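Colleague: Handing you a structure now.
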2 protein chains.
Amino acid sequence: MRIALLGFGSVGRGIARALLAKDLDIAVTGLADSRSGIIDAAGIDLAAVLAQKESGGPCGNPGVSPTDVVTKADYDILVEVTPTNVETAEPALSHIRAALRRHKHVVTSNKGPIALAYPELRALANENGVFLKYEATVCGAIPLIHAIKEGLAGNTIARLYGVFNGTCNYILTRMAAEGLTYEQALAEARELGYAEADPTYDVEGIDAAIKLVILANTILDMHTTLDDVERTGITLLTPEALHLAEDQDCTIRLIGEIVPGAGVLRVSPRIIAKTHPLVVEGTLNAVTVEADLAGELTFIGKGAGSTETASAVIGDLLYIRERHVQGS
Amino acid sequence: MRIALLGFGSVGRGIARALLAKDLDIAVTGLADSRSGIIDAAGIDLAAVLAQKESGGPCGNPGVSPTDVVTKADYDILVEVTPTNVETAEPALSHIRAALRRHKHVVTSNKGPIALAYPELRALANENGVFLKYEATVCGAIPLIHAIKEGLAGNTIARLYGVFNGTCNYILTRMAAEGLTYEQALAEARELGYAEADPTYDVEGIDAAIKLVILANTILDMHTTLDDVERTGITLLTPEALHLAEDQDCTIRLIGEIVPGAGVLRVSPRIIAKTHPLVVEGTLNAVTVEADLAGELTFIGKGAGSTETASAVIGDLLYIRERHVQGS
């Protein structure tokens, strides 16, 4: 099986390292980041490219663009792992469209195209008889989409809610455990690399809202956009509010919730009993699904990280291979 | 899609009710319990059979045996949901063999055949080009096998451990919460229908051990039998032991554990921090998987119940239909 890899940041390199460490019989025949690229039908030497990139060099030739890789390389599956752009989803969206039109399967970890253009991309994949997979866009290593679409096939989902953002969960965990203020806990999260210099995307609940839109549109048959999500972040939470919750054996978590029957998508800080399975510590993610036959199920795991995201991407790649890869 | 249903106890009736409630386009063309059966190529009237059975009548004609249904009915998938026999796996084992030899897919909730004869049945299914699915044999409604085999494809599992028996978990939850003795908590579990008159199978860890053998042999590439499981039950646990654990913010749970690299399968009461995701209350099941790429993942849900088991069976049925049902 041959893949083309777009994006060679943390996630792209995580995938390259996993492919090197495991004997999965997957060749990378095209690879590009925003500055350079390589096309090699015989299979790219990933160890050499990783070494070059990690010593500060480019991943390839500055004359080879992502568009060249998408449109000219010889591959079965495009693996699109460039950074998320929630305004336009570009340039990932154009690359995914081009690959689908070439009858190439697509696996992506990029929330932008799936949150903004899923119906169009799904139709394009169906027209061209190829798979479009996106497990890595929601909750990192937790195989949530697989579990719901396949494992819970036949169930009707009445409600889905959980902790979708590890940065917020870390901040809330530290505020509760140490009595820190929001600002103190955020500073600590930044020092540890769990929060960006501009934390707006995480702490205002935008990241969680995007994941809700993806789940709503892709597995819950809803038609929503980011504007449909009622959203409150964690920036105004005080240590006193957390203490009050603790006094009742509860705590506060930033909960994203979908109620398909009522058309509700909501992200907000919620008081939750400490014994509830969703009360996870640190940067973990956790999602509870209420299904009519299966009852209440909770999935807990790491929501981010290069190796964890690589796990979801590789799961999708092997899913496609098991079912259908033309020409291999 | 046409199925033949063997077993019309709690699970079989749960499946029948789910099929009646949902428009899944699945016809039942054969149905039998140990006393009677029906074969009807046009599709059995499940509502009528359920009503008859629930008013104390037979499910069908005493002249139609399970063997008749397996060997003569016209169906795509045999759904085998008779009670588990861990000594011989019979009569389920013979019925499953016969169906596979007829090139029929098999979905089962019966732990006996999968725990005792998986390699033989897997080979038989492969030879005959059909699916053999068994999600319902482990942890009821939790789509654990789907999640690990598909969602975590490409991962190596270093360790898998969890709460596999809801009866024991209920007893331990009550001992810790109320200071009950083992005998008191067991009596309460019996009253609520969570424990059998003879609770040996649950409280001695045999049920959990069987589930470990199934997971080890079917998704962890091991070759084990029930005798390979080190096993200690919960019958000797005292309220004092639980109090000691509580004093350290811990509790005690009956944990089943597999360490594939060390060839270890073990069921025993273990002290575990209360903040660990595995510490679930009541009759829930919970399983933690340590995977090399995905990291630590925990799955929590209902481990038993007719509707919950039906969820797993129906997930398997739709999995097979999505991929391949001959003649439909």
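Colleague: Of the beta bridges DSSP finds with both residues in the protein assembly as shown, what % are antiparallel, to the nearest 5?
Modeller: 65
Colleague: Now, a different point. Mind sorting A:CYS168, B:CYS139 by how few other Cβ atoms lie within 10 Å of their own Cβ, fewest first?
Modeller: Lowest to highest Cβ neighbour count: B:CYS139, A:CYS168.
Colleague: Right, next: Where the centroid of each part is defined by its Cα atoms, how far is the range B:128-156 from the range B:178-214 in Å?
Modeller: Centre-to-centre (Cα) distance: 26 Å.
Colleague: What is the range B:190-316's relative contact order, in percent, from Cα pairs under 8 angstrom and six or more apart in sequence?
Modeller: Taking the mean separation of contacting Cα pairs over the length of the range B:190-316, I get 17 percent.
Colleague: Next question. What fraction of the DSSP beta bridges in chain B is antiparallel, stated in percent and rounded to the nearest 5?
Modeller: 65
Colleague: What lysines does A:LYS149 reach when the alpha-carbon gap must be under 26 Å and sequence neighbours fewer than 8 apart in one chain are set aside?
Modeller: A:LYS104, A:LYS111, A:LYS133, A:LYS211, A:LYS302, B:LYS22, B:LYS104, B:LYS111, B:LYS133, B:LYS149, B:LYS211, B:LYS302
Colleague: For chain A, set up a GNM with springs between Cα atoms under 10 Å and report which of A:THR275, A:THR67, A:THR251 has the largest fluctuation.
Modeller: A:THR275
Colleague: Give the separation of the Cα centroids, the range A:1-22 to the range B:39-73, in Å.
Modeller: First find each Cα centre; the distance between them is then 54 Å.
Colleague: A follow-up question, please. For peptide B:152-165, compute the average count of partner chain beta-carbon atoms within 10 Å of each residue's beta-carbon.
Modeller: Per-residue shielding by partner chains comes out at 3.
Colleague: Follow-up. Please give the calculated 222 nm ellipticity per residue for chain A, where each DSSP H segment of at least 4 residues contributes -39500 (n - 2.57) and the sum is spread over every residue; nearest 500 deg cm²/dmol?
Modeller: Counting only the DSSP helices, I get -11500 deg cm²/dmol.
Colleague: Which residue fluctuates the most in chain B, going by a Gaussian network model with Cα springs under 10 Å, if the choices are B:ILE258, B:ILE148, B:ILE210?
Modeller: Comparing B:ILE258, B:ILE148, B:ILE210 in a Gaussian network model of chain B, the most mobile one is B:ILE148.
Colleague: Just name one of B:LEU215, A:ALA176, B:ALA273: the one whose Cα is farthest towards the positive end of the charge dipole of the protein assembly as shown (beta-carbon charges, Lys/Arg +1, Asp/Glu -1).
Modeller: Positive-end residue among those listed: B:LEU215.
Colleague: Further question: Would you mind estimating how fast chain A diffuses translationally, via Stokes-Einstein at 4 °C and 1.567 mPa s with the Kirkwood radius over Cα pairs, in µm²/s?
Modeller: It comes out at roughly 63 µm²/s.
Colleague: For all pairs of alpha-carbon atoms in the range B:196-328, what percent lies in each bin of width 10 Å, listed from the first bin to the last filled one?
Modeller: P(r) over the range B:196-328, rounded to whole percents: 10, 32, 37, 16, 4, 1, 0.
Colleague: Oh, and also: What residue of chain B has the nearest C-beta to the axis that moves B onto A, and what is that distance in Å, given as a whole number?
Modeller: B:ALA147, 2
Colleague: Using a Gaussian network model of chain B whose springs link C-alpha atoms within less than 10 Å, name the residue from B:HIS223, B:HIS103, B:HIS95 with the highest mean-square fluctuation.
Modeller: Residue with maximal mean-square fluctuation among B:HIS223, B:HIS103, B:HIS95: B:HIS223.
Colleague: When the dipole is taken about the Cα centre of chain B, and only Lys, Arg (+1) and Asp, Glu (-1) are charged at their Cβ, what size is it in debye, to the nearest 20?
Modeller: Result for chain B is approximately 900 debye, rounded to the nearest 20.
Colleague: Relative contact order of chain A, please, whole-number percent, based on alpha carbon pairs below 8 angstrom and at least 6 residues apart.
Modeller: 19
Colleague: Can I ask one more? Take the alpha carbon atoms of the range B:279-306, find their center, do the same for the range A:272-309, and report the distance between the two centers in whole angstrom.
Modeller: 10
Colleague: Using a 10 Å cut-off on Cβ atoms, rank the peptides A:149-156, A:104-111, A:191-198 from the highest mean neighbour count down.
Modeller: Peptide ranking by packing, descending: A:104-111, A:149-156, A:191-198.
Colleague: Give, in whole angstrom and from largest to smallest, the semi-axes √(5λ) of the equivalent ellipsoid of the protein assembly as shown, with λ running over the eigenvalues of the Cα gyration tensor.
Modeller: Semi-axes from the Cα gyration tensor: 41, 33, 23 Å.
Colleague: Among bridges DSSP assigns within the range B:1-42, what percent are antiparallel (round to 5)?
Modeller: Within the range B:1-42, antiparallel bridges account for around 40 percent of the total.
Since every read-out is calculated from the coordinates, none of them should be taken as a lab result. This one's a predicted model, so the numbers in the text were calculated from it and none came from an experiment. All Cβ positions, even for glycine, are placed from backbone atoms using ideal geometry, and neighbour counts span all protein chains on display.
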